[in-house]
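Below is one structure; the comments refer to it alone.
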């Protein structure tokens, strides 16, 4: 891909998630990054892989999931355009903790975790942005925990639609169900009831 085009796309994605970077930052990141076009259904990382690289979804959707003790597939997170994926290394883990599956053909920019951290810590502005991203991630985790502790599945589904209004039509219902912690047939009943009540 053309360098100027990539920088333009990275700039647009950053603006979409409320971040602003100088072009020189993008140029530095491109120096230790590679791009991969991933087909639907493929895995870009598996539990136990070395967490030397993390990624930014340029196009498409990737989900992280794990298999619980009963063999159930549980979706942890959806990474869409502009989102970080395979981020365990950025959080200090040596190995990937979950499976990262492509659920819509995706282009992912993979970057070297150590070099990215070195770049972040070389700039007060980048450190501030990194802290903001960490706080955002912590808020997301706290919201998720609170939802499972205090809300029923129907309420969690409404919040999912509000949080990801552009994704509900792009993601298979079975993945949304595992994100909500319910069976696909339970989600079908919830959706039917909400349609009758004109809630969706």
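For the chain, the mean projected area of the C-alpha convex hull, equal to one quarter of the hull surface, is 11.9 nm². To the nearest ten degrees, helix 3-16 and the longest principal axis of the Cα atoms of the chain are 50 degrees apart. With respect to the chain, whose longest principal axis is taken over its alpha-carbon atoms, helix 184-196 is tilted by about 70°. Seen through its C-alpha gyration tensor, with square-root eigenvalues sorted a ≥ b ≥ c, the stretch 57-110 comes out oblate because a/c lies at 1.5 or above while a/b is not bigger than b/c. Treating r as the C-beta distance of residue 22 and residue 59 and R0 as 22 Å, the FRET efficiency rounds to 0.40. Value of Rg to Rh for the stretch 109-200, rounded to two decimals, is 1.14; Kirkwood radius and Rg both from alpha-carbon coordinates. Relative to the current alpha-carbon distance between residue 127 and residue 40, full extension at 0.36 nm per residue lengthens the span by 27.9 nm. Scattering from the C-alpha atoms of the stretch 3-92 alone, worked out with Debye: what is log10 I(q)/I(0) at q = 0.11, 0.18, 0.24, 0.25 1/Å? Values, matching the q order: -0.37, -0.91, -1.42, -1.49. With axes computed from alpha carbons, what is the tilt in degrees of helix 153-163 against the longest principal axis of the chain, rounded to the nearest 10 within 0 to 90? The helix 153-163 is inclined about 30 degrees to the chain.
Helix-derived [θ] at 222 nm for the chain: sum -39500 (n - 2.57) over DSSP H runs of at least 4, divide by residue count, nearest 500? Mind showing how you got there, number by number?
On the way: 7 runs with 90 residues, N = 200.
Taking each H run of at least 4 residues, the total per residue is -14000 deg cm²/dmol.
Computed from the coordinates by the stated procedures, all read-outs in this text should not be read as laboratory data. What you see is a predicted model, and the numbers here were worked out from it, not measured in a lab. Glycine also receives a Cβ, built like all others from the backbone with ideal geometry; neighbour counts cover every protein chain displayed.
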